[in-house]
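Peer 1: Below: one structure in structure tokens.
The values are calculated or read from the model by the stated rules, or taken from the named source; none is laboratory data. Quick caveat, the model's predicted, so the values are computed rather than measured. Quick reminder, even Gly has a Cβ in these numbers, built from the backbone with ideal geometry, and neighbours come from all protein chains shown.
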Number of protein chains: 2
Amino acid sequence: MQRSKTANQILKAAEALFSEQGFSETTMRQITAAADVNLAAVNYHFGSKQGLIQAVSEKYLTPFCDYIDDAVTERLSSQSGVTVTSDELMEMVMRALLEVRHDNTHALSMFMRLLDLSYMKSQSVLREYMFLQHHVKLERFLELLRNDSSPMEDDEFFWRLHFLMGSMVFTLSNFHTLIAIEKSEFDKEVEIEKVLHRMIPVLTAGLQARSDKTFFCRL
Amino acid sequence: MQRSKTANQILKAAEALFSEQGFSETTMRQITAAADVNLAAVNYHFGSKQGLIQAVSEKYLTPFCDYIDDAVTERLSSQSGVTVTSDELMEMVMRALLEVRHDNTHALSMFMRLLDLSYMKSQSVLREYMFLQHHVKLERFLELLRNDSSPMEDDEFFWRLHFLMGSMVFTLSNFHTLIAIEKSEFDKEVEIEKVLHRMIPVLTAGLQARSDKTFFCRL
DNA sequence: ATATTTTTTATATAGATGTTTTAAACAAGA
DNA sequence: TCTTGTTTAAAACATCTATATAAAAAATAT
């Protein structure tokens, strides 16, 4: 979608502020001041603050899902074998994340914060807006992922997916803070690509772990 | 700490609202209305809204850390062998989470949301308040955990810990939403103990996964 | 019982919030 | 030139925000 210069300035400023402060903590006046546009511009272009939030979600979620779906298509066409390792699949996710980021440093943190927000009880509208539209694009990916996971029930797979999602959402939405802590504790500051790379074996291991059938009572 | 009846009503109401809506989305008027106390009561008993947030953090973080430390002590005394499996250690965490919950359904979600909040850039005061005090209590636990993890550098362990933390924080702070989704998709509603139990093998697998040394570029 | 302290109440304050309005300007196309 | 879509400016909107104050009430002490 082609957007006006003002609308893009608003989006850029909003992303940075959202990623640093969160959504409800960020005010329209902060956004328009940072974007150097008039206060009324947000309501003009996006209808409301919630409309702006939905706009940024659309801006990142669609390319993200498309990238993954494209990667799946390419992978399946290059080789007839239907087994794709979860390592490969996770790498697709990480590449997709880096891709949607573009040059914007704050984009990834905001994207993940948005995912987090969508799971809030009060944000069912946003959640349905985000998922019901893009869920289809990820179906093949999820099926491949499941094929290389430990055998389990549907709902167990559901929960494991959200365990992994939690790792990504938490780590990336709080990335700046974590980098700062790492800096102060280990005097080392690692780039985001490295962190994403480090997540891959952890996440795949989580998927392939044998589910423990023993009952949760060893008192 | 012995608390007045009013203060306890406030805490209980605040926990429920915080867990459902988040912190800045919850107003003093909502809290005091739900607690059926006067608006000024929060400022009287806790000084400010931030003071109330710190009070709930203190209320849950201290017992949580104590429980884990006690469990470590008991485990080390019962057997001279110094190797404790990460499965056992993770189970300690899950038990500690269930313990601090008490009868309050929302307590766990709020506790996890608090942990999430503490990693926000603007909440460095809360973060230091929460961690610098309780970090010591978890030292032995973390050392044992590291002993049963895949060999890795200090900063890699740091990141992996936060990957796992993310799983817990995300899953539990959004527990009510996830339960609702599970209900609608699988017509199944699993209790929190089961979910915590399902996390154990996933988390330990993440810690024991062999770190991938290959460079992140297979283009 | 009286004095003192603690707690609760009702009300006020000062400011921030998202949103709307009115006005005027600007650009581009028909 | 008339029209249409943008953008700015400034102000006002109604509502909500956390917090402060001061009097009333209750509890506790002497």
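Peer 1: With respect to B:SER122, is the statement that it is free of Cβ contacts under 8 Å to residues at least 40 places away in the same chain and at the interface with chain A (Cβ under 9 Å from one of its Cβ atoms) true?
Peer 2: yes
Peer 1: On to the next question. Within the range B:200-211, is even one residue more than 9 Å from chain A (Cβ to nearest Cβ) and either over 30 Å from B:ASP70 (Cβ atoms) or not in a helix (DSSP H, G or I) (or both)?
Peer 2: No, because not a single residue in the range B:200-211 is more than 9 Å from chain A (Cβ to nearest Cβ) and either over 30 Å from B:ASP70 (Cβ atoms) or not in a helix (DSSP H, G or I) (or both).
Peer 1: Every residue in the range A:173-190 that is touching a residue at least 40 places away in the same chain (Cβ under 8 Å) and not aromatic (Phe, Trp, Tyr), please.
Peer 2: Within the range A:173-190, A:SER173, A:ASN174, A:HIS176 meet the criteria.
Peer 1: Being surrounded by fewer than 20 Cβ atoms within 10 Å (Cβ to Cβ) and among the small types (Gly, Ala, Ser) is the requirement here; does B:SER124 meet it?
Peer 2: Taking the combined requirement at face value, the residue satisfies it.
Peer 1: Another question, then. Can you name the condition, by its number, that B:VAL37 falls short on among (1) outside any helix (DSSP H, G or I); (2) under 26 Å from B:PHE131 (Cβ atoms)?
Peer 2: For B:VAL37, the exception is condition (2).
Peer 1: Further question on the same structure: Can you tell me which residues in the range B:1-24 are more than 8 Å from DNA strand D (Cβ to nearest atom) and within 14 Å of chain A (Cβ to nearest Cβ)?
Peer 2: Across the range B:1-24, the qualifying residues are B:ALA16, B:LEU17, B:PHE18, B:SER19, B:GLU20, B:GLN21, B:GLY22, B:PHE23.
Peer 1: On to the next question. If I filter the range B:86-109 for residues that are more than 12 Å from chain A (Cβ to nearest Cβ), away from DNA strand C (no atom under 16 Å from the Cβ), acidic (Asp, Glu) and crowded, with 18+ Cβ neighbours inside 10 Å, do I get at least one hit?
Peer 2: There is no residue in the range B:86-109 that is more than 12 Å from chain A (Cβ to nearest Cβ), away from DNA strand C (no atom under 16 Å from the Cβ), acidic (Asp, Glu) and crowded, with 18+ Cβ neighbours inside 10 Å.
Peer 1: A further question follows. Using beta carbons and a limit of 9 Å, which pairs, at least six apart or on different chains, have the first residue in the range A:147-172 and facing chain B (nearest Cβ under 7 Å) and the second one charged (D, E, K, R) and assigned to a loop (DSSP other than H, G, I, E, B)?
Peer 2: Final answer for the pair search is A:ASP154/B:LYS188; A:ASP155/B:LYS188.
Peer 1: Another question, then. Go through B:GLU25, B:GLU20, B:GLU74 for me and flag whichever is within 30 Å of A:SER118 (Cβ to Cβ) and part of a helix (DSSP H, G or I).
Peer 2: B:GLU20
Peer 1: Quick one: which residue in B:LYS194, B:LYS137 is assigned to a helix (DSSP H, G or I), within 20 Å of the chain's Cα centre (by Cα) and under 20 Å from A:GLU185 (Cβ atoms)?
Peer 2: B:LYS137
Peer 1: If I filter the range B:175-186 for residues that are assigned to a helix (DSSP H, G or I), under 29 Å from A:GLU193 (Cα atoms), modelled with pLDDT of 95 or more and facing chain A (nearest Cβ under 7 Å), do I get at least one hit?
Peer 2: no
Peer 1: Within the range A:44-67, take every residue that is loosely packed, with under 15 Cβ neighbours inside 10 Å and within 13 Å of DNA strand D (Cβ to nearest atom) and give me the one that is nearest to the other protein chains (Cβ to nearest Cβ).
Peer 2: My answer is A:GLY47.
Peer 1: From the residues in the range B:32-43 that are within 7 Å of DNA strand D (Cβ to nearest atom) and not β-branched (Val, Ile, Thr), which one is farthest from the other protein chains (Cβ to nearest Cβ)?
Peer 2: So, considering only residues that are within 7 Å of DNA strand D (Cβ to nearest atom) and not β-branched (Val, Ile, Thr), the one farthest from the other protein chains (Cβ to nearest Cβ) is B:ALA40.
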